[in-house]
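The values are calculated or read from the model by the stated rules, or taken from the named source; none is laboratory data. No experiment lies behind these values; they were computed from the predicted model shown. No Cβ is skipped: glycine too gets one built from the backbone with ideal geometry, and neighbour counts run over all protein chains shown.
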Amino acid sequence: MAKTGYLCYAVFNTEPGWVAVLASDKGIKRLAVPQRTAERALELLGPTIRDVKPHPNFLRDIIKLLRHYFQGREITFPEICDLGEATSFQRRVWEATRLIPYGETQSYRWVADQVGHKGAARAVGQALSQNPVPIIIPCHRVLGYNGSLCGFSCGLGWKRFLLELEAESAPVILDSNTPTL
């Protein structure tokens, strides 16, 4: 894309439903988790979508990665996001959240510690609630200090679904204490 600030989108079907992605020439700006209809997924991208043209060819790589992810494959997403509208604190929180490996979880407190704000778990939760690209920035992998499901902008049902999807496909690591057949 040559035009600075150019926005395009793609809406595509995955196993759990329709996903929509909005991008600029700098990267992915928003992502809507699977919905029952393509129209609903597009609505979740926000009102600016009306002035944007579809361009699935430009977004083919991210579409492929997201389809694989929703098939239960372990995916590590490249740093392809346009987070220019975020505060510096939000960006630091989101960068720390990207460090949580596929199939693993951490607490809000852990993220706060990673960004140098011990005791700022609530502020971390607020920053994660503004994450425009869930899954790519895996905020679903952040849990309460006691391992409880809490807070997810897409709803706790989706948080549970994504964690279960990753748990089912996470590789099994055998150690000397693991019985083998």
Residue, surrounded by the fewest Cβ atoms within 10 Å (Cβ to Cβ), within region 129-144, restricted to residues that are under 8 Å from the mean Cα position of the chain (by Cα) and among the hydrophobic types (A, V, I, L, M, F, W, C): ILE135
Just give me the residues in region 151-166 being more than 12 Å from GLY72 (Cβ to Cβ) and loosely packed, with under 15 Cβ neighbours inside 10 Å, in sequence order. GLY155, LEU156, GLY157, ARG160
Which one is surrounded by the most Cβ atoms within 10 Å (Cβ to Cβ), of the residues in region 11-63 that are touching a helix residue (DSSP H, G or I) at 6+ places or on another chain (Cβ under 6 Å) and polar (S, T, N, Q)? GLN35
How many of the residues in region 4-25 are modelled with pLDDT under 95 and either in contact with a Gly (Cβ under 7 Å, 6 or more places away or on another chain) or of a type in the set (Phe, Trp, Tyr) (or both)? 4
Inspect all residues belonging to region 16-34 and state whether any of them is without any contact (Cβ under 8 Å) to a residue 40 or more places away in the chain, under 28 Å from GLU164 (Cβ atoms) and β-branched (Val, Ile, Thr). no
Just wondering, is there one or more residues in region 61-81 that are at pLDDT below 95, touching a strand residue (DSSP E or B) at 6+ places or on another chain (Cβ under 6 Å) and assigned to a loop (DSSP other than H, G, I, E, B)? yes
Kindly check whether there is at least one residue in region 64-84 that is without any contact (Cβ under 8 Å) to a residue 40 or more places away in the chain, in the same structural domain as LYS26 (by TED's automatic domain parsing) and within 13 Å of the chain's Cα centre (by Cα). yes
Is it true that ARG40 is among the basic types (Lys, Arg), out of contact with any Cys (no Cβ under 8 Å at 6 or more places or on another chain), part of a helix (DSSP H, G or I) and modelled with pLDDT under 95? no
